[in-house]
Every structure is written in structure tokens, then in C-alpha cells.
1. Looking at 274, 316, which is the one that is away from ligand 1 (no atom under 16 Å from the Cβ), in contact with a strand residue (DSSP E or B) (Cβ under 7 Å, 6 or more places away or on another chain) and touching a residue at least 60 places away in the same chain (Cβ under 8 Å)?
2. Could you check region 128-167 and list, in sequence order, the residues that are over 23 Å from residue 206 (Cα atoms) and surrounded by fewer than 16 Cβ atoms within 10 Å (Cβ to Cβ)?
3. Mind checking which residues of region 371-400 are more than 24 Å from the chain's Cα centre (by Cα) and in a helix (DSSP H, G or I)?
4. Looking for something modelled with pLDDT of 95 or more and farther than 24 Å from residue 387 by Cα - is there at least one such residue anywhere in region 3-12?
5. Scan region 22-55 residue by residue and report those that are touching a residue at least 12 places away in the same chain (Cβ under 8 Å) and more than 24 Å from residue 141 (Cα to Cα).
6. Is it the case that residue 223 is exposed (fewer than 15 other Cβ atoms within 10 Å of the Cβ) and either in contact with a helix residue (DSSP H, G or I) (Cβ under 7 Å, 6 or more places away or on another chain) or part of a loop (DSSP other than H, G, I, E, B) (or both)?
Ligand code: TRP
Ligand code: SF4
């Protein structure tokens, strides 16, 4: 049976923290047992916004890969590689750029959002506009079926699907297919035929799903159509030719409930993180001094766990028994905050123990990491080259 493939990438932002672990990595680690997985460092994507910070990418990429391995991404199960080491991504990006309408890129929500957010940087660049198209190339070049991403990335997957559909529509036709399909369209009668063409165009060119539904209804209602004609017209609606590129689906990763030390979302830019493989003393100190319910000023004041980020940590790290101890002790002022934090400290340290153990091995022997990455790049490249052969042939760029 054909095994569905999973692919995902992360921009190399440097050392990862608990938010990344509970939000993304834990999910990758689960998926690697269920599917063939490809995980890569999106270093070109980092350049779309950090083009003016040369020299930071390699170190960030290597640190990030060590964090993946430390967290439990297993190179014997998953293929780990670096985007820029598989230059076929760039070739596919270029070829796709020929048939990508500007308007599609301009209306991807992250385009305007990020430009407005990162005001200190000029993001009116060619590369930044093309960010989602490069991402589409990353996905399509492996014919990935499932892409685990957070909610903010769902529009990029949707965009990728539209690109795949457009590519297959333009380049995936078998000889004679169009003529046969057009003959079948005529059999609908002129009024229905015109309506069918209009809906088909709206679906294929603008990706309007309701146009597809309406066209299917129209075909179901067309009484005097033979079975063969009907099937052909169903196929013709969705491209109908050869599927050269595969439309992927998003595998939505649930937003991590991991708060930062101050109760805001854990993020490097807020300075409220606990890093993966941070040393035990620092972790202990950070949690001991982290924010609690602001109303609980004195030890004798009762508190409310719902207003305390420590409680959110308990929900991740503590069992039911400890959780009811917190609820009761906090509300009755029966326990102090330092006391309350101890099980969380223990939980985080315990979680990180095997990570620190694994990381030590890789930190001591950087060659080990290099070899894992080199091996992954080689495997990824083989897959990418297979797709590119088909892509070039479909477009008519094969000089062999
Ligand atoms: N844009 C993604 C992010 O910021 C990173 C990424 C690049 C990616 N290419 C990808 C994710 C392909 C999934 C698949 O998180
Ligand atoms: Fe927060 Fe625990 Fe202190 Fe209550 S006792 S305020 S839950 S740290």
C-alpha cells in the first residue's frame, strides 16, 4: 500500500524552548512512528526576513537540529535535512513562479500581517512576497500528503493546494484528453455546457470550492449523459489529466498551552522562555521566580490558580493528585507558592533529563550531527530529483 508522507519545516531561529517542544516537536516525534516523515531546516525562509543578518544561519540551523535530536526526533525513522542543501527546491520554486498569479501571493494573509508587524524591516521584497510559493515548492517537491503546521500556516497549505491544482491543470494533460472532454461537454446542451465551463473555470482558476460543488450538482442533474461522459466531465472539473504534483492536506497542530514565565505566550521576543537543554540550576531559578497570581501577595492570602501561570504548567506536568493539592492549597492558603512550584520544577527537569543526555552526545561530537544531516540531505535530494524529472518533462524542458 502507498504510505502517506509527512513533511514539515522550521525556520532556524536558534535554540528552541518548551513552547516549541509542546507545540511542534512532540507532535513530530509522535508522527515519525506513524508515517514516513521528512523534517527540514527552512534556512532560505529565514533569509526572507533576515536577509540583513548574514552569518547567523548555519549556527542557528545546527543548534536547532541538535534540539530536534535531543527532543527525540529519531534519524533512523525520519529524514532530517536542510532546505538549501537540496537546490531542487529553488528550481521548482522558479518554475512555479512562472504560473503563479501575483494576486494569489498578495492575498495570502501572512504577507500583509508580517509587513505590518515587522515595521523595522523593509519587507517589500521579491523574496518575501514569494515566501508561500517557496513553501509550496518545499511541500510539492516531496509529493507530501500531510503537513503538520500551526493555525497561522493553514493559508499557506491552502495556497499550495491551489498551486498544485493549477500546475496539474496546465501541464498534466494526456494527449487527446482535452478534445475528448470538449466532446463530452457539448453533450450537455449549449446552456448547461456554458454554465459548466464557467463553474469549471471559477474552480480551477480561482479555487472556489462552491463552484466545484455546483458543477458536480449540474452533472448529477444532467439526465441524458452516458456514464462514460459523466465520469470524464467529473475528472475534467478537477484537472482531469495526470497528477504530477500532489495536493497536500494540513495536519493541524493544536496550539500549545505552554505559557511563558510571565503568563504571556512563551516566545523568545518576550524573554519569558525555558530553553530545551537549559541547565538545571537556571531552570530551577526561573521557575522559582516566575509570576504567580498577582492578588496573592502574602503567604496568608488565598490565591486563584486560574489567574496563575504556574497552574498552567501543572496542567502539563502534574497528575490529578498534585493538581487537586494545588487547587485546594492555593485557594485556602494552605501551601506557599514556592512549595507549589516544586512539582513543576521536578516535572520540567525530568522531561529534560533524557534530552540533556542525548544532546551531550551530539554536542561532544558535532560530526555525528553533520553525518545525520548529510545522510538526510542525500535521501531528500533523491526524492526531489525524481519529482523534478517529471516536472521538467511535463513542462517540456527535457533535453535528454
Ligand atoms: N513557514 C513555516 C513556518 O514559519 C516554515 C516552513 C517552510 C514550512 N517551509 C515549510 C512548514 C513546508 C511546513 C512545510 O513555520
Ligand atoms: Fe499559583 Fe500555586 Fe501560588 Fe496558587 S499557590 S498562586 S497556583 S503558584
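1. Details: 316 fails: in contact with a strand residue (DSSP E or B) (Cβ under 7 Å, 6 or more places away or on another chain).
Answer to the selection: 274.
2. 150
3. Step one: of region 371-400, the residues more than 24 Å from the chain's Cα centre (by Cα) are 371, 389-390, 392-400.
Passing the criteria: 371, 389, 390, 392, 393, 394, 395.
4. Checked against the condition, which is being modelled with pLDDT of 95 or more and farther than 24 Å from residue 387 by Cα, region 3-12 yields at least one hit.
5. Residues satisfying the conditions are 22, 23, 26, 51, 52.
6. Answer is yes for this residue.
Residue by residue, here is whether (1) touching a helix residue (DSSP H, G or I) at 6+ places or on another chain (Cβ under 9 Å); (2) surrounded by 17 or more Cβ atoms within 10 Å (Cβ to Cβ) holds:
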| residue | (1), (2) |
| --- | --- |
| 318 | yes, yes |
| 324 | no, no |
| 327 | yes, no |
| 359 | yes, yes |
| 373 | yes, yes |
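Results for (1) part of a helix (DSSP H, G or I); (2) modelled with pLDDT under 95; (3) over 20 Å from residue 41 (Cα atoms), shown as yes or no for each residue.
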position	(1), (2), (3)
156	yes, no, no
163	yes, no, yes
174	no, yes, yes
183	yes, yes, yes
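The values are calculated or read from the model by the stated rules, or taken from the named source; none is laboratory data. Note that this is a predicted model, so its numbers are computed, not measured. FYI the Cβ positions are ideal-geometry reconstructions off the backbone, even for glycines, and counts take in every protein chain you see.
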